[in-house]
Amino acid sequence: MNKIKTIARPAARKVTGCGECRSTCQSACKTSCTVGNQSCERITREADPEKIGK
Amino acid sequence: MVHVFSYKDKHYIYDTGSSSLHECDGTAALLLREKLGEPVDTSAVTPAERRACEEDFAELERAGLLFKEEVKEGPAKSGEVKALCLHICHDCNLRCRYCFADEGAYHARREFMSLETAKKAIDFLIENSGGRKVLETDFFGGEPLMNFGVVKETVLYAKEKAAARGKKFLFTLTTNGLLLKDDVAEFLNAEFENVVLSLDGRKEVHDAVRKTPNGKGSFDLAIENMKKFVRIRGDKKYYVRGTFTAKNLDFSEDVLFLADNGFDSISMEPVVTDLADLAITEDMLPRIGQEYDRLCDAFLAREAAGRGFNFFHFNVDLEGGPCLAKRVSACGAGNEYFSVVPNGDIYPCHQFAGDPAFRMGSVYGGTLDEGIRAKFRDSCLFTRKKCENCFAKFICSGGCSANNYHYNGDIDEPYAITCAMMKKRVEDAMHILAERKRREAGEG
């Protein structure tokens, strides 16, 4: 590449649409929360299963 | 679609189809804008530069990272319920002027939720949660700590019931902090996954709006309780959540004030109100955009100096963030998320609470209004036609259904002022992502 550098691209996933992530409104603000401000909690949970639950 | 934008002397390309972000030089940005049909002057670009850029564009396209076709259909949504907002108390010990909840009363009489109703709500959630393992309950108000006894008993009840069904609850609570005493803090720290503390920033900003019923400012008491709470919270999650209005468009000062006072997890939201002296209007958008940039610069400077903090709206995780299914599904209100008011009535979310047109049923029995539920279940990014040509659509999912409805009369009709602020925050968040990468690579 000459003039462009990739900063970020989505990681490959084994599971999508499992629905076990928190609902959008339960995060920080209850007025302008958006989906993209959240994480994939399946990844979080698997990294730290005791914290959120298996 | 492809979005080309600049932050000062940095130029970025965001490809919505692949959700990938690229950094480029000014010439590549210019030529890509030309390719997108934007009116730009490329007369100074040399043939060699043009050739180099075209090679890069082609390489990215081959790798599926530029002009990648977008997904066009949302996933079928399940009918499983996973979250409740429990209006544990329709009363408040503050009388904040901008309160969407009518200063805690929700346009009805002030009342507390009984333990019986709270238990019924928990039963409703568990019974309707199907195969979901992780359930959420947010204790909301008014001020939920005015009914702390019921909060406590409900948590214990929910944990016991969930354990018997192989499920687990995540509890959250939103409070103004006035009743955040030691025993309360201890319980919240032990049982709550997240606590949201409402504080608007500088004393004069906070006290101008967040007053007690006798008209006094609440800042001094709130901040002292919150500081103490956060000190003992350890590494457990919390947010200090402020609201900015037309009166403090210099809200980056409030965010930094909160950071200077030891709060390292901050959210600052634009007010949602019709009050003329507080409402955000279109003419304020350029000023608000500049303010987000000021905040972005200060945020990065502090982070580089080892004094970083978390700002909710600058969190955009393009690598490990939500899956596409989640990002096109909208917020889930009215389908997988409901709010329950003190008498047990069910609404799509807290912002519809008390509106008879949106009463969906009761935790005391009967079925949910399938007409209302279908409207929310069917709503997704692709039913929000105005989002079609927006670069931020897979990040915001069409915004808040309640805001859309309250401003435009339709949950699928995004509110333009919110959209403008969202797009600015997303660009700043992407710049932050790039700056962090540069820093990690030793380039920053």
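Listed values, structure above:
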{"quantity": "Per-residue [θ]222 nm for chain B (sum of -39500 (n - 2.57) over DSSP H runs n ≥ 4, rounded to 500)", "calculated": "-11500 deg cm²/dmol"}
{"quantity": "Residues with amide H under 5 Å from that of A:Ala8, placed H, sequence gap 5 or more", "calculated": "B:Leu21"}
{"quantity": "Residue-averaged beta-carbon neighbours from other chains (10 angstrom radius) around B:400-407", "calculated": "2"}
{"quantity": "Likely footprinting exposure, B:His90, B:His107, fewest C-beta neighbours within 10 Å first", "calculated": "B:His107, B:His90"}
{"quantity": "Using θ = phi - 60° and Karplus 6.51 cos²θ - 1.76 cosθ + 1.60, couplings along segment B:432-442 (whole Hz; Gly, Pro as x)", "calculated": "4, 4, 5, 4, 5, 5, 4, 5, 4, 7, x"}
{"quantity": "Cα shape, segment B:229-313, gyration tensor, a/c 1.5 rule", "calculated": "oblate"}
{"quantity": "Overall form of segment B:233-273 per C-alpha gyration tensor (a/c, 1.5; a/b vs b/c)", "calculated": "oblate"}
{"quantity": "10 Å Cβ neighbours from other chains, averaged over peptide B:143-156", "calculated": "0"}
{"quantity": "Among B:Leu221, B:Leu178, B:Leu249: highest mean-square fluctuation, GNM of chain B, C-alpha pairs under 10 Å", "calculated": "B:Leu221"}
{"quantity": "Relative contact order of chain B, defined on C-alpha pairs under 8 angstrom at six or more residues apart (%)", "calculated": "15 percent"}
{"quantity": "Per-residue Cβ neighbour rank within 10 angstrom, fewest leading, B:Tyr14, B:Tyr415", "calculated": "B:Tyr415, B:Tyr14"}
{"quantity": "From phi via Karplus (6.51, -1.76, 1.60), per-residue ³J(HN,Hα) for segment B:161-176 in Hz, x at Gly/Pro", "calculated": "5, 5, 4, 5, 10, x, 10, 9, 9, 10, 9, 10, 8, 10, 9, 7"}
{"quantity": "Relative contact order [Cα under 8 Å, 6+ residues apart], segment B:2-68, whole percent", "calculated": "32 percent"}
{"quantity": "Summed residue charge, Cβ within 10 Å of B:Cys92's Cβ, Lys/Arg positive, Asp/Glu negative", "calculated": "-2"}
{"quantity": "Selected from B:Val272, B:Val40, B:Val240 as most flexible by GNM, with chain B as the system and alpha-carbon contacts under 10 Å", "calculated": "B:Val40"}
{"quantity": "In Å, descending, principal axis extents of the Cα set of segment B:14-60", "calculated": "31, 22, 15"}
{"quantity": "Mean separation of Cα contacts under 8 Å, 6 or more apart, over the residue count of segment B:233-338: relative contact order %", "calculated": "27 percent"}
{"quantity": "Selected from B:His87, B:His11, B:His350 as most flexible by GNM, with chain B as the system and alpha-carbon contacts under 10 Å", "calculated": "B:His11"}
{"quantity": "The protein assembly as shown: C-alpha gyration tensor shape, a/c 1.5 cut-off, then a/b vs b/c", "calculated": "prolate"}
{"quantity": "Ranking of B:Val71, A:Val15, B:Val205, B:Val341 by count of other Cβ atoms within 10 Å, fewest first", "calculated": "A:Val15, B:Val71, B:Val205, B:Val341"}
{"quantity": "Calculated from backbone phi, Karplus (6.51, -1.76, 1.60) coupling profile of segment B:313-323 in Hz, x at Gly/Pro", "calculated": "7, 9, 8, 10, 9, 7, 9, x, x, x, 6"}
{"quantity": "Residues with amide H under 5 Å from that of B:Asn310, placed H, sequence gap 5 or more", "calculated": "B:Ser265, B:Ile266"}
{"quantity": "Selection from A:Cys40, B:Asn404, B:Ala101 lying farthest towards where the dipole of the protein assembly as shown points positive, charges on Cβ", "calculated": "A:Cys40"}
{"quantity": "DSSP bridge pairs, the protein assembly as shown: antiparallel proportion in percent, nearest 5", "calculated": "40 percent"}
{"quantity": "Residues with amide H under 5 Å from that of B:Gly242, placed H, sequence gap 5 or more", "calculated": "B:Leu199, B:Ser267, B:Met268, B:Glu269"}
{"quantity": "Contour excess over end-to-end distance, with Cα ends at B:Glu370 and B:Ser6 and 0.36 nm allotted per residue", "calculated": "126.5 nm"}
{"quantity": "Test item: B:322-330 mean partner chain Cβ contacts at 10 Å", "calculated": "6"}
{"quantity": "Spin-label pair B:Glu127/B:Thr281, simplified geometry with 7 Å Cα→Cβ offset, distance in nm", "calculated": "5.0 nm"}
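Each reported figure results from applying straightforward, stated rules to the coordinates on display, with no laboratory input. This is a predicted model, so every value here is computed, not measured. Every residue, glycine as well, gets a Cβ built from its backbone with ideal geometry; the counts of neighbours run over all protein chains shown.
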